[in-house]
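**Student:** Pasting in a structure now, in C-alpha cells, and then I'll have a few things to ask.
No value in this document is a laboratory result; all are computed from the given coordinates. The model shown is predicted, which means the values in this text are computed figures rather than measured ones. All Cβ positions, even for glycine, are placed from backbone atoms using ideal geometry, and neighbour counts span all protein chains on display.
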Amino acid sequence: MIKELTNVVAIEADYITVTSQVKSTCSSCAQVDTCGSGQVAKALPQGKLTLSLPYSGDIKHASGKTLKLGDCVVLALPEQDILTSAGQVYLFPLLGLFSCSALGQWLLSQQVLNHELFALGLGIAGAYLGYRVAKYQQQYGTQSAKLQPKIIEIIPSENNTEISITSHSK
C-alpha cells in the first residue's frame with residue numbers, strides 16, 4: 001500500500017477536502033545542478049495538492065474517532081492498482097503504435113498502400129487509438145474505482161475545530 005499523510009481542510013455532508021504538501025527529493029540529490037528534473041524542481045515552487053474525497057459515516061465507526069477539521073488522515077492506495085494503471089497508460093499507446101505500424105508495413109508490402117507516409121499515418125493513428133483506450137479505461141473502467149484513495153487512519157489534531165456535518169435532503 002502506498003500511504004500519504006494529509007490534513008483535513010473542509011468537511012461537507014458527503015465529502016471531505018484534504019491537502020498534502022507536494023514532496024520532491026531533487027533538493028537532496030548531488031546531481032541537482034546538472035539534472036534536468038532538478039532544474040525544473042528548483043524553478044517551480046513546491047505546492048500543495050488538494051483532493052476531495054467521498055465521506056461516509058463508516059470512517060468514524062472503523063477507527064472509533066470522529067473526523068474533525070484540522071485532523072490528519074492517512075490515505076492509502078493499493079500498489080498493485082497503481083502499477084496496473086501505469087501499465088495501461090504506457091503500454092496501450094505503444095501496442096497501438098506497433099500493431100498499426102506493422103499492419104501499415106504489411107499493407108505497403110502487399111501494395112495496398114502506395115506510399116510509406118500512409119503506413120506512418122496508420123501507426124500514429126494506432127498510437128492515438130491506444131491512448132484513447134487507456135484514457136477510457138482510467139476514467140470509466142474498473143481501474144477508476146480502484147484508484148480512489150481510501151482513508152485508513154484518522155490522527156486527531158490537538159487544536160481541531162468541531163464541525164457539525166449537515167446532510168442535504170432532496
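**Student:** Exposure proxy check: 17, 6, 66 ranked by fewest other beta carbons within 10 Å? Display every interim value, and only then the final one.
**Tutor:** On the way: 17 17, 6 23, 66 14.
Listed from fewest to most nearby Cβ atoms, that is 66, 17, 6.
**Student:** Along the Cα-to-Cβ line of residue 136, 7 Å from the Cα, sits a label point; which residues in segment 83-119 have backbone N less than 15 Å from it?
**Tutor:** 89, 92-93, 96
**Student:** With labels modelled as points extended 7 Å from the Cα through the Cβ direction, what inter-label distance (nm, one decimal) is found for residue 115 paired with residue 49?
**Tutor:** According to this spin-label approximation, the distance is 4.6 nm.
**Student:** Provide the gained length on full extension for the span residue 21 to residue 105, in nm with one decimal, where the gain is 0.36 nm per separating residue minus the Cα-Cα distance. Mind showing how you got there, number by number?
**Tutor:** Values: separation 84, 0.36 × 84 = 30.24 nm, distance 4.89 nm.
Extra length available between residue 21 and residue 105 comes to 25.3 nm.
**Student:** Where does each of 81, 14, 71 land when they are ranked from fewest to most other beta-carbon atoms within 10 angstrom?
**Tutor:** If I rank by nearby Cβ atoms, fewest first, I get 14, 81, 71.
**Student:** Using r as the Cβ-Cβ distance of residue 10 and residue 83, and R0 as 30 Å, what FRET efficiency do you calculate, to the nearest 0.05?
**Tutor:** Efficiency, rounded to the nearest 0.05: 0.45.
**Student:** What relative contact order, as a whole-number percentage, does segment 100-148 give when Cα pairs under 8 Å and 6 or more residues apart are counted? Let's see the in-between values first.
**Tutor:** Numbers: 32 pairs, mean separation 15.7, N = 49.
Across segment 100-148, relative contact order equals 32 percent.
**Student:** Related question: Using the 10 angstrom Cβ neighbour count as an exposure proxy, how do 92, 98 rank, fewest first? List each step's numbers first, then the result.
**Tutor:** Numbers: 92 21, 98 14.
Sorted ascending by nearby Cβ count, the order is 98, 92.
**Student:** Any chance you could run the full-extension gain for residue 153 through residue 128? It's 0.36 nm times the residue separation minus the Cα-Cα distance, nm to one decimal.
**Tutor:** On the way: separation 25, 0.36 × 25 = 9.00 nm, distance 4.06 nm.
Contour length minus Cα-Cα distance gives 4.9 nm.
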